[in-house]
1. Taking 7 Å along the Cα-to-C-beta vector as the label spot, tell me the Val135-Glu108 distance in nanometres, rounded to one decimal.
2. Quick one: Ser346, Ser355, fewest Cβ neighbours within 10 Å first, how do they rank?
3. How large is ³J(HN,Hα) for each residue in region 126-136, as worked out from phi by the Karplus curve 6.51 cos²θ - 1.76 cosθ + 1.60 (θ = phi - 60°), to whole Hz, x for Gly and Pro?
4. Explain nothing, just compute: Karplus ³J(HN,Hα) = 6.51 cos²θ - 1.76 cosθ + 1.60, θ = phi - 60°, for every residue of region 108-123 in order, whole Hz, x for Gly and Pro.
5. Students often check this: by mean Cβ neighbours within 10 Å, which of 253-260, 347-354 ranks highest, and how do the rest follow?
6. Order these peptides, 269-276, 68-75, 79-86, by their mean beta-carbon neighbour count within 10 angstrom, highest first.
7. Starting at the first residue of region 315-324, write each ³J(HN,Hα) from the Karplus equation 6.51 cos²θ - 1.76 cosθ + 1.60 with θ = phi - 60°, in whole Hz, x for Gly and Pro.
8. Tell me, in nm to one decimal, what length is gained between Thr43 and Lys319 on full extension, where the rule is 0.36 nm per residue of separation less the Cα-Cα distance?
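What follows draws every value from the coordinates through simple rules; no lab data is involved. Please read all numbers here as calculations on a predicted model, not as lab measurements. Backbone-built Cβ (ideal geometry, glycine too); neighbour counts: all protein chains shown.
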Amino acid sequence: MLRTFKRPSALSKYHFSTSRPTLKTLHFQNSLSKTLVPFTPLTSPLSFYVCGPTVYSHSHLGHARAYTTTDMIRRVLRDYFNYEVQFCMNITDVDDKIIHKSHEQGKEVRQVAKEFEKEFMDRMQDLAVEPPDFVPRVSEYVQEVVQFVQRLEKKGFAYEANGSVYFDVKEYLQRGNEYPKLNIAAKEQLEKLLEEGEGVLSNGELSGEKKSPQDFVLWKKSKENEPFWESKWGNGRPGWHIECSVMSHEVFQRYPIDIHAGGEDLKFPHHDNEIAQSEAHHGCDKWVNYWIHIGHLHIDKQKMSKSLKNFIKIKEFLKLYSSRQIRFLFLLQKWNKIMNFDPKVSMAEAIAKDSQFSEFFKQARAIVRNYEIHQTSQKFNMEDKQLDSFLRDTKERVHHHLCNNIDTPSVINELSSLIIKTNSYMKSGDNELKAPLILSISRFILKISQCLGLINDDPFGFDSTQELTDETSIEPFVQATVDLRDRIKKLVFKSNIKKELFEELDKIRDEDLARLGIRLEDSTTGGSSTWIKEDPDVLLSNIKERKLGKKQKTNKAKKPS
């Protein structure tokens with residue numbers, strides 16, 4: 001079992017080298033310090049909060065990247081570094097955008113929110129994103145929002161104007177606080193970004209009520225045909241930024257929160273405003289210990305977003321690609337960097353990796369299944385020792401990459417290199433292959449793949465269809481057929497009717513077994529054939545293409561020069 005390591009005394013002691021891994025403990029690129037720092041949770045279980053969706057429209061590929069990434073980080077923390085994790089993701093079900101959509105569709109705000117919340121959750125399930133431990137909705141925490149705002153008002157950090165309540169940034173700064181903390185560059189465009197954060201229905205009308213343009217709304221006065229809740233300031237609803245501060249506190253009941261995550265675009269104003277109002281409320285100087293931000297997904301050099309109408313719906317994308325291929329797509333990019341998405345080029349690489357991993361597990365399964373350890377020498381030769389050494393080195397390098405801000409592209413590349421080495425070993429034709437070594441490699445790749453969310457708990461989980469789970473039950477029957485075919489094949493070489501018999505044997509392989517989804521691979525050294533379970537339709541299609549190519553090659557060779 002992997003251990004949780006002690007925090008190093010100083011980051012400066014690590015000197016990066018191209019030859020050997022250096023990091024031994026997890027480090028995160030903390031958006032607050034803007035440096036790579038050791039990760040030391042303050043509590044157990046550690047608290048992990050991510051800003052959830054505003055449910056007013058269909059989920060797109062940008063959402064897929066954000067939430068598969070936080071899912072991956074959660075799994076790595078829990079399943080690799082062995083931290084106990086409490087994971088919370090909120091749902092914004094009261095917002096200007098939802099109200100605007102309800103007016104467009106002639107529906108109740110609650111109905112619109114429920115429909116798109118379900119759609120979002122369905123897509124997350126399709127993407128194999130684990131459900132959060134807590135899913136608070138802002139509509140269910142309005143009373144707590146009111147109490148939170150009242151405390152800010154009592155402490156002198158908030159003021160009421162025309163039924164709305166605002167956070168007083170000037171007062172906050174005068175008391176020695178810093179604002180904004182995360183996005184210093186935002187100071188140059190504070191007013192514009194803050195206005196965008198107030199919501200699409202405000203249209204700048206709140207600006208005249210503020211003491212200062214940089215103040216932001218905590219409680220918003222409701223207009224006609226808008227949802228509202230009663231408060232001491234009159235009928236209103238929560239502002240956008242206040243909800244995360246309130247719900248995270250109500251769920252975890254402590255601060256600092258260990259990890260707060262969200263998209264890069266949320267740094268300002270959303271996260272900076274969360275920090276200001278939370279630290280003012282709690283009287284602390286660090287409300288969150290580690291801020292981590294997921295890079296934008298760009299298409300045609302623009303951020304993918306609903307407002308730009310350049311988004312790809314997750315539901316439509318899943319008609320073209322599997323959830324595992326989509327996860328590979330994101331794992332092959334550094335999660336905190338901008339991802340430039342090209343549907344053809346980006347997916348080609350993801351599909352290739354998916355195929356490589358899948359094929360490796362099929363081949364490894366076949367070798368381990370047919371292996372008879374009592375008949376094989378277990379003394380390692382030079383080739384065995386080299387592969388075993390490469391496995392140990394790969395484990396060290398993978399650990400370093402996971403410690404280094406969970407560098408998934410490097411992890412995938414390390415596993416890919418290990419697969420290439422092992423494939424070469426398995427195809428060497430050496431009858432002294434060590435199945436226990438192959439099994440050790442498979443288990444390691446399996447473990448890391450599970451930590452990244454690529455596969456489930458099936459020990460050979462990269463197979464491409466659900467039908468593969470019945471392999472154990474059909475194994476005796478398939479193996480009996482394969483053994484019979486092998487015996488007949490040996491007799492064929494002594495027969496005078498080789499052509500006819502080979503045709504019958506090929507028919508068993510390419511038709512009878514293929515229809516059952518059994519891919520049969522003949523040995524090139526005269527040994528036993530190997531069978532692998534596959535999707536019957538895909539297998540038959542591949543056989544048809546192979547025969548067509550062989551026929552075309554033969555016809556071309558027959559043509560006179």
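1. 2.0 nm
2. Fewest-to-most ranking of Ser346, Ser355: Ser355, Ser346.
3. Per-residue couplings from phi come out as 4, 8, 6, 8, 5, x, x, 6, 9, 10, x Hz.
4. My calculation for region 108-123 gives 5, 4, 4, 5, 4, 4, 5, 4, 7, 5, 4, 4, 5, 5, 4, 5 Hz in order.
5. Top to bottom by mean Cβ count within 10 Å: 253-260, 347-354.
6. 269-276, 68-75, 79-86
7. 4, 6, 5, 6, 6, 9, 9, 7, 5, 6
8. Between Thr43 and Lys319, full extension yields an extra 95.2 nm.
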